Amino acid sequence: MLTLAKAIDKTCLIGLTYFNTEGEMLKQSLLAGKVSAYDSETGITITLFEQGKQSDNSKSLLDADNSQSQAKRFIIPIDLSCWFHAPSGIFHTSVDGVTVSNPDYLVTWDIYQCSSRENDEQMQWWQWKPNVERPTVGV
């Protein structure tokens, strides 16, 4: 069984589907990275893979010479119910030039816009819901 501690240094594909307040899909994106930290209040921190580099699960994308402080990080909720073992293969993400080979996990979230203020585009509220249905790949 996957635990937060066991997730550290595992590679994952993160599928995100965004919906507006009416439930209409706005966009989908696919990110890839390696779990670098977790905190019960903040969430799970994923260090995203860089453009132009291919990640292979057998080697580290971010080596000792590459400062992780420069890498982009993405934080997702702490819930592991939407984490599934990934099939073998090469996956292309939504970020140009970023692919990942044989990731450890597929993670999927549905993200719903909770409120919309017409005069305040800077402040939007979103609710993250884990997609607990096993994703299908290549079907």
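The values are calculated or read from the model by the stated rules, or taken from the named source; none is laboratory data. If you're wondering where the values come from, they're calculated on a predicted model, not measured in any experiment. Virtual Cβ from ideal backbone geometry, glycine too; neighbours counted across all protein chains shown. These accessible areas exclude ligands, DNA and RNA; they are computed on the full protein's heavy atoms, side chains included. Shrake-Rupley method; radii C 1.70, N 1.55, O 1.52, S 1.80 Å.
Restricted to region 7-20, and to residues there that are β-branched (Val, Ile, Thr) and within 14 Å of residue 110 (Cβ to Cβ), the residue that is surrounded by the fewest Cβ atoms within 10 Å (Cβ to Cβ) is 17. Within region 80-118, the set of residues being at pLDDT below 90, small (Gly, Ala, Ser) and under 25 Å from residue 33 (Cα atoms) comprises 97 only.
Can you pull out every residue in region 119-139 that is within 13 Å of residue 107 (Cα to Cα) and either at pLDDT 85 or above or surrounded by 11 or more Cβ atoms within 10 Å (Cβ to Cβ) (or both)? Hits for region 119-139 are 128, 129, 130, 131, 132, 133, 134, 135, 137. Close contacts from region 98-112, counting a first residue that is farther than 13 Å from residue 28 by Cα and among the acidic types (Asp, Glu) and a second that is part of a loop (DSSP other than H, G, I, E, B) and open to solvent by 10 Å² or more (accessible area, probe 1.4 Å), with Cβ to Cβ under 7 Å and a gap of 6+ residues or different chains, come to 104/10; 104/57; 104/86.
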